[in-house]
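Read-outs: derived from the displayed coordinates by stated rules, not from any lab. All values reported here derive from a predicted model rather than from experimental measurement. Every residue, glycine among them, receives a Cβ derived from its backbone with ideal geometry; neighbour counts consider all protein chains shown.
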Amino acid sequence: MNKIETPIAETFSEWAHKLNINNVPKDVVDKLQLIVLDSFGLMVSAKNEQYIKSLINALQENGDCTLVGHNKKVNPFNASIINGTAIHGEDFDDTFEGTPVHVGSVMVPAMLSSAQAKNLDGEKFLKGLVVGSELICRLALVAPTAVHRQGFHPTAIFGAFGSSIGVSSLLGNTINEMSSGLGIVGSMASGIIEYLAEGTSTKRLHPGWAAGCGWQSANFAKSGFLGPRTVFEGQHGVFNSFAKNNIEPDFSHIISDLGKRWESKNLALKPYACGTMAQPFIDCAIKLKGKIGDVENIDKIIGSVGEGTVHRLWEPLEEKHNPSSPYGAKFSVPYCISIGLINGSAGLNEFTDKYLKNLGVIKLASKINYEINPNDEYPRNYTGKIKIIMKDGTIYSSSQECLRGGKRDPLSINEVREKFEANLKFANVKSSEIEKLYDFIKNIFKSKNLNDLDHVNFF
């Protein structure tokens with residue numbers, strides 16, 4: 001990119017400020033509607049999880065913002081943190097294909113709490129959601145893999161900026177206040193990936209923290225606090241600080257074709273409750289389930305994989321064969337293939353202690369190994385390929401050529417709704433209340449008052 005004359009934060013803020021929501025293409029709005037539906041289902045599904053109970057116990061301040069799934073209201077900062085953590089908690093939320101970044105778990109709670117705190121309507125909610133989601137996706141394209149390789153969770157870093165611009169838009173901040181908010185939140189963004197070492201809950205927290213920081217930074221800026229407008233491209237900006245410096249950033253991704261090219265319409269919704277790169281292998285397993293008969297007759301299974309996925313999804317192999325926690329199982333392809341072959345599904349139920357203690361699942365997982373395919377398209381495309389060798393020598397093969405739920409094979413509206421309903425049933429929500437929540441979400445962009453959510457009884 002040529003010399004940057006105007007700070008990138010200012011350019012993007014000017015576009016966000018001037019955006020007429022009526023000019024946003026229908027396919028973008030439709031995709032974000034599905035993201036909202038998916039996110040609400042996940043918020044509620046996690047309401048009984050210990051990590052959510054821990055956050056609620058720690059963040060007690062009362063306020064005007066709904067903790068979705070709970071009979072409690074807190075301030076917007078805490079609501080953003082808790083609701084965002086709930087959405088991302090089981091790694092079942094949306095992803096921006098080709099990058100390890102999640103959008104709904106940041107933007108939906110940030111926009112919901114901000115709109116409720118300021119008594120704003122659904123149209124303002126939508127505009128904030130649009131500009132923030134677009135910024136997160138565009139930031140993820142600037143230097144693909146660089147942030148993750150540096151040891152940071154991209155959702156934690158980029159999500160904070162999306163939340164900040166979204167809240168700023170919702171609050172009606174000026175262009176200068178918007179760009180200042182982006183500069184401020186750059187000093188709030190954080191999230192290292194050391195959670196991989198012990199399978200702890202910090203990854204779950206990252207989108208919620210990013211959502212909460214958006215509220216803080218936008219309000220700081222609105223009150224006159226200043227942040228650097230060169231937060232993206234500066235010598236000590238986000239990419240020089242959080243990204244591997246041998247990967248050259250292309251800042252044109254942030255500001256080129258604004259309003260003409262929409263990256264957020266390419267967000268992918270997950271059909272399975274596990275890591276994105278494991279999903280195609282579950283599809284492979286489900287395709288073969290009806291062909292192989294008794295899994296006891298399987299001798300071994302070989303997965304063909306991209307080298308870049310091995311360290312997260314296949315190694316250490318002993319741990320992946322027998323995951324030490326349900327959360328760890330979400331990032332074990334052997335476990336995911338096993339439940340796909342045995343159950344033909346991989347929702348929230350399959351990643352619980354019940355299945356982790358199922359000796360049949362673990363026995364089958366222990367028969368699964370991998371070989372590196374040098375022609376695998378990762379990270380440009382997420383694919384899966386498995387070969388099952390039976391004890392009698394029969395071989396069955398299956399492949400999935402793209403991420404199901406992604407832009408090449410999107411989930412239907414009915415599939416997303418079925419996922420939404422299954423997730424609420426997982427949390428023991430009554431069918432009548434599921435319908436109430438669905439109706440609220442269906443009309444959320446036209447809502448005059450987002451506190452109508454209080455009419456849903458989750459208990």
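Before moving on, here are some points about what is shown:
- Among the trypsin sites (Lys or Arg not before Pro) in the range 246-335, those located in a DSSP loop and surrounded by at most 12 other Cβ atoms within 10 Å of their own Cβ are LYS260, ARG261.
- Based on every Cα atom in the range 276-400, Rg and the maximum pairwise Cα distance Dmax equal 13.2, 37 Å.
- The trypsin sites (Lys or Arg not before Pro) of the range 368-455 that meet both conditions, a loop assignment by DSSP and at most 15 other Cβ atoms within 10 Å of the site Cβ, are ARG380, LYS391, LYS407, ARG408, LYS430, LYS448.
- Between ILE56 and GLU5, the FRET efficiency estimated from the beta carbon spacing at R0 = 51 angstrom works out to 0.60.
- Test item: Cα-centred dipole of the range 276-400, Lys/Arg +1 and Asp/Glu -1 on Cβ, debye: 240 debye
- Sequentially through the range 443-457, phi angles give Karplus couplings (6.51, -1.76, 1.60; θ = phi - 60°) of 10, 4, 6, 9, 5, 8, 8, 6, 6, 4, 4, 5, 6, 8, 9 Hz, Gly and Pro residues having no value and appearing as x.
- Estimated inter-spin distance, PHE225 and ASN22, nm [label 7 Å along Cα→Cβ]: 3.7 nm
- Selection of GluC sites (Glu not before Pro), the range 1-54, meeting DSSP coil and at most 12 other Cβ within 10 Å: GLU5
- Rg over Rh [alpha-carbon atoms, Kirkwood Rh] for the range 127-183: 1.03
- For the range 208-320, Kirkwood radius (reciprocal of mean inverse C-alpha pair distance, Å): 19.6 Å
- About its Cα centre, the range 6-64 has a charge dipole of approximately 140 debye under the convention of +1 per Lys or Arg Cβ and -1 per Asp or Glu Cβ, with nothing else charged.
- The stretch between HIS455 and HIS311 holds 47.3 nm of extra length on full extension. This uses 0.36 nm per residue minus the Cα-Cα distance.
- Relative to the Cα centre, the charge distribution of the chain, modelled as +1 at Lys and Arg Cβ and -1 at Asp and Glu Cβ, gives a dipole magnitude of about 420 debye.
- Simple spin-label estimate for GLU318 and ILE395 in nanometres, 7 Å along Cα-Cβ: 3.1 nm
- Model label points for VAL29 and SER432, set 7 angstrom from Cα along the Cα-to-Cβ axis, are 3.3 nm apart.
- DSSP finds beta bridges in the range 276-400, and of those with both partners inside it, around 70 percent are antiparallel.
- Going from the residue with the fewest nearby Cβ atoms within 10 Å to the one with the most, TYR335, TYR438, TYR378 rank TYR378, TYR438, TYR335.
- Cα gyration tensor shape for the range 267-326, rounded if a/c is under 1.5, else prolate or oblate: oblate
- Computed over neighbours whose Cβ is under 12 Å from that of SER13, the net charge equals -1, Lys and Arg +1, Asp and Glu -1.
- Listed residues GLY69, MET178, LEU59: farthest to the positive end of the dipole of the chain (Cβ charges): GLY69
- Neighbour-count ranking [beta-carbon atoms within 10 angstrom, fewest first] of LEU403, LEU34: LEU34, LEU403
- Computed over the range 186-230, Kirkwood Rh from alpha-carbon pairs, angstrom: 12.1 Å
- Going from the residue with the fewest nearby Cβ atoms within 10 Å to the one with the most, MET277, MET390, MET107 rank MET390, MET277, MET107.
- Environment charge at LYS357 (Cβ cut-off 15 Å; Lys +1, Arg +1, Asp -1, Glu -1): 0
- Karplus (6.51, -1.76, 1.60) ³J(HN,Hα), θ = phi - 60°, over the range 368-378, in Hz, Gly and Pro reported as x: 9, 9, 9, 9, 7, 9, x, 9, 4, 7, 4
- Candidate values (i) 4, 19, 28, 26, 17, 5, 0; (ii) 4, 17, 21, 18, 14, 11, 8, 5, 3, 1, 0; (iii) 5, 22, 31, 25, 13, 4, 1, 0, label of the one derived for P(r) over Cα pairs in 10 Å bins from 0, in percent: (iii)
- Among VAL238, CYS274, PHE251 the positive-end extreme of the charge dipole of the range 225-276 (Cβ point charges): CYS274
- Close amide H partners of TYR370, meaning residues 5 or more places away or on another chain with modelled amide H under 5 Å apart, are GLY303.
- HN-Hα J in Hz across the range 284-296 - Karplus 6.51, -1.76, 1.60, θ = phi - 60°, x for Gly and Pro: 4, 5, 5, 4, 9, 3, x, 9, 8, x, 5, 5, 5
- Summing charges over all other residues whose Cβ lies under 13 Å from the Cβ of LYS287, with Lys and Arg as +1 and Asp and Glu as -1, gives +3.
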